[in-house]
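Engineer: This is the structure I want to talk about, given as structure tokens.
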Amino acid sequence: MIGRFEALVAGLRRRYRAVRTSRATAAFFANPLNVVGLVIVVALTIAAVFGPVIAPYDPTSQDLVNRLQPPTLAHPMGTDQLGRDVFSRLLYGARLSLGIAVAVTVIRLVLGTAIGLLAGYAGGLIDELLMRLVDVQLAFPGLVLALVVAGILGPSLRNVMLALAVVGWASYARLVRSSVLSTKEREFVQAARLMGVSRHRIAIRHLLPNTIGPIIVLATMNLGTVILGTAGLSFIGLGAQPPTPEWGTMLSTGRHHLRGAWWLANAPGAAIMLTVLGFNLLGDGLRDVLDPNHDTPLEKPT
């Protein structure tokens, strides 16, 4: 009987998702800014995946004879103070930045979702204890707390990843908890309880899928924030160390040559700006089509 009920719910859910997906896709591509964000993110992903193939030079290979050369056909973005090709370093830096952003976001998402799901569905004392833990974490500014953690652990990309991962999960926990609280009293959840479905199965099969949309939106925006945070910590010397081709480190080195070699700081700075902009635009577009509270009407009201 339970299996028949869940099969019926799953069938209705699939039909609803198919209709909603087609409407959401049309709404997403109707906004040019959403398309711009998608193009930027796709370009970054291609650069990160195929960077070693696209890069014309070794990012750490030094050529002191051609140091501080302006952009030319041989070096489209010039060379740095050690004669290394800036364009090649940017491509390799894209792989580092995107890889760190994805890893940190996954850790935040898994930890925050688990805590939020447990707090929202269990309620009572467990909810109170977990939410007070979330409040303590949110009481500290994220970047400042990451700065403290990275400073204690020491300068390295691994420590930057850990620092950024442990300070950003609380937003996911709050988001998932609020979604679970609004969903667990709905009719299909109550029906599942009456049918004898276990609490664990209800949480995984019925509550968790209803949090996917808001989580995707938050994770997309967090990717840009993590890239910016990684670059910021590397800029002040707590992240990647030379000669690692990381955007924050490149920006920190380039600031000493702003007058004579403007491209050293402008190239990684523009890459960071465009990347964060792309993820923010993409996140806004996904919010409009996935978040029920921000649905964009496909037709003008009469």
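The values are calculated or read from the model by the stated rules, or taken from the named source; none is laboratory data. If you're wondering where the values come from, they're calculated on a predicted model, not measured in any experiment. Don't worry about glycine lacking a Cβ; one is built from the backbone with ideal geometry, like all the others, and counts go over all protein chains shown. For the accessible areas, the whole protein counts, side chains as well, though only heavy atoms, and no ligand, DNA or RNA atoms are used. Shrake-Rupley method; radii C 1.70, N 1.55, O 1.52, S 1.80 Å.
Engineer: Looking for something farther than 23 Å from Gly151 by Cβ, over 21 Å from the mean Cα position of the chain (by Cα) and either in a helix (DSSP H, G or I) or at pLDDT 90 or above (or both) - is there at least one such residue anywhere in region 268-287?
Structural biologist: For region 268-287, residues farther than 23 Å from Gly151 by Cβ, over 21 Å from the mean Cα position of the chain (by Cα) and either in a helix (DSSP H, G or I) or at pLDDT 90 or above (or both): absent.
Engineer: Take region 61-110 and flag every residue that is of a type in the set (Val, Ile, Thr), open to solvent by 50 Å² or more (accessible area, probe 1.4 Å) and more than 30 Å from Ser171 (Cα to Cα).
Structural biologist: Val65, Thr72
Engineer: Still on this structure: Scan region 228-241 residue by residue and report those that are crowded, with 22+ Cβ neighbours inside 10 Å and polar (S, T, N, Q).
Structural biologist: Answer for region 228-241, where residues must be crowded, with 22+ Cβ neighbours inside 10 Å and polar (S, T, N, Q): Thr230, Ser234.
Engineer: Here are the criteria: (1) more than 15 Å from Val86 (Cβ to Cβ); (2) touching a helix residue (DSSP H, G or I) at 6+ places or on another chain (Cβ under 8 Å); (3) not in a loop (DSSP other than H, G, I, E, B). Tell me which single one Ile204 does not satisfy.
Structural biologist: Here Ile204 meets the rest and fails (2).
Engineer: Among the candidates Thr225, Thr244, single out the residue that is buried (at least 18 other Cβ atoms within 10 Å of the Cβ), under 19 Å from the mean Cα position of the chain (by Cα) and either more than 27 Å from Thr105 (Cβ to Cβ) or of a type in the set (Ser, Thr, Tyr) (or both).
Structural biologist: Testing whether each residue is buried (at least 18 other Cβ atoms within 10 Å of the Cβ), under 19 Å from the mean Cα position of the chain (by Cα) and either more than 27 Å from Thr105 (Cβ to Cβ) or of a type in the set (Ser, Thr, Tyr) (or both) leaves just Thr225.
Engineer: For the list (1) over 21 Å from the mean Cα position of the chain (by Cα); (2) in contact (Cβ under 8 Å) with a residue 24 or more places away in the chain, I need the number of the one condition that Leu33 fails.
Structural biologist: With respect to (1) over 21 Å from the mean Cα position of the chain (by Cα); (2) in contact (Cβ under 8 Å) with a residue 24 or more places away in the chain, Leu33 is out only on (1).
Engineer: Here is a follow-up. Here are Thr72, Thr60: which of them is among the polar types (S, T, N, Q), assigned to a loop (DSSP other than H, G, I, E, B) and closer than 19 Å to Ala270 by Cα?
Structural biologist: The match here is Thr72.
Engineer: If Gly120 satisfies every condition in (1) touching a helix residue (DSSP H, G or I) at 6+ places or on another chain (Cβ under 7 Å); (2) among the small types (Gly, Ala, Ser); (3) not in a helix (DSSP H, G or I) but one, which is the exception?
Structural biologist: For Gly120, the exception is condition (3).
Engineer: What's the total number of residues in region 143-195 that are touching a residue at least 40 places away in the same chain (Cβ under 8 Å) and of a type in the set (D, E, K, R)?
Structural biologist: 3
Engineer: For region 56-109, how many residues are more than 21 Å from Ala150 (Cβ to Cβ) and of a type in the set (Val, Ile, Thr)?
Structural biologist: 5
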